[in-house]
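K.L.:
Okay, handing you the structure first.
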Amino acid sequence: MYARPGFGIINGVEWYQVYGGMQTWHYLWLGCNQVTIEISDVYWPSHSQIPILWEDNREAMLAYMQWSLRGIRGTVTDSISGEPLKATVRVAGIDHDVFTDPDVGDYHRMLLPGLCSIQVSAEGYRDAAVSGIQVGSGYAVRADIALTPKDAGDVNRDGESDLADVILILQLLTGAQNLQTALDLDGDGKTGLPEALFVLRLCAL
């Protein structure tokens, strides 16, 4: 059709709006594209016209399918177990998310060539961001992401992994009863990360 006079691309919403359609549902909730391609001005062309319509549009259809190989792709997994995750992948500056297949953790986002950044999130995990991804015009560039569980390293179960967890580990390792004063090695009145790292190195020897 692209070689015929008067050919153009029309967004269907310019003709009429459909509420609750399958295309919108797929786009919003599954993050995938679904299109209606009209290749004839006859609603039910005769069977004899099918080969002609195919030849007229074969290259365009093949080019359209090739887009499934472009952009960015990868897997999202648990950083500890390696298990696949149900996650959301968002490209910075584009208000359209794609989602992983929870069974295998893979995702694919069609993109034009250029630099991009992505943010990956999953329930119960810390968000991860990757910037400076160079997307080419050929096969999709791969970006595998391993998300860390939010409770990883949360030894004292206060909802976050912080210096308090390091101190608790050091108390268990050294048996120190008053770690806040006993390990103030730099004399700043508190036990900070420098002391924790120092003692952890001693414990590892």
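The values are calculated or read from the model by the stated rules, or taken from the named source; none is laboratory data. Since we're looking at a predicted model, the values are computed, not measured. Please note: Cβ atoms are built from the backbone with ideal geometry, for glycine as well, and neighbour counts cover all protein chains shown. All accessible areas refer to the heavy atoms of the entire protein, side chains included, with ligands and DNA or RNA removed. Shrake-Rupley method; radii C 1.70, N 1.55, O 1.52, S 1.80 Å.
K.L.:
Between His26 and Ala129, what FRET efficiency comes out of the Förster formula 1/(1 + (r/R0)^6) with R0 = 30 Å and r the beta carbon distance, rounded to 0.05? Intermediate results must be reported in sequence, preceding the final value.
P.N.:
Values: r = 26 Å, r/R0 = 0.88.
Taking R0 as 30 Å, the efficiency between Ala129 and His26 is 0.70.
K.L.:
What is the distance in Å between the Cα centres of the stretch 32-89 and the stretch 99-115?
P.N.:
Using only Cα atoms, the two centres lie 14 Å from each other.
K.L.:
Please list Lys150, Lys86 in order of solvent-accessible area, largest first, computed with a 1.4 Å probe with all protein chains present.
P.N.:
Reading off the accessible areas and sorting them downward yields Lys86, Lys150.
K.L.:
Can you pull the Rg over Rh of the stretch 52-152, Cα-only, Kirkwood?
P.N.:
Numbers: Rg = 15.9 Å, Rh = 14.6 Å.
Taking Rg over the Kirkwood Rh, I get 1.09.
K.L.:
Also, I was wondering about something else. What part of the accessible area of the stretch 1-155, given as a whole %, is carbon or sulfur when the probe is 1.4 angstrom?
P.N.:
Working: 6250 of 11020 Å².
Accessible surface attributable to carbon and sulfur in the stretch 1-155 totals 57 percent.
K.L.:
Let me ask another. Any idea what the relative contact order of the stretch 1-139 is, in percent, if you count C-alpha pairs under 8 Å spaced at least 6 apart? Mind showing how you got there, number by number?
P.N.:
Working: 182 pairs, mean separation 25.9, N = 139.
After rounding, I find 19 percent.
K.L.:
Tally Lys/Arg at +1 and Asp/Glu at -1 over every other residue whose Cβ is under 15 Å from the Cβ of Met61; what's the total?
P.N.:
Working: positive: Arg58; negative: Glu38, Glu55, Asp56, Glu59.
Around Met61, the charge tally is -3.
K.L.:
A follow-up question, please. Return the distance in nm (one decimal) between the two label points of a simple spin-label model at Asp106 and Ala92, each offset 7 Å from Cα along Cα→Cβ.
P.N.:
2.8 nm
K.L.:
Something else now. Provide the packing ranking of 17-28, 91-102, i.e. peptides ordered by the mean count of other C-beta atoms within 10 Å per residue, highest first.
P.N.:
Peptide ranking by packing, descending: 91-102, 17-28.
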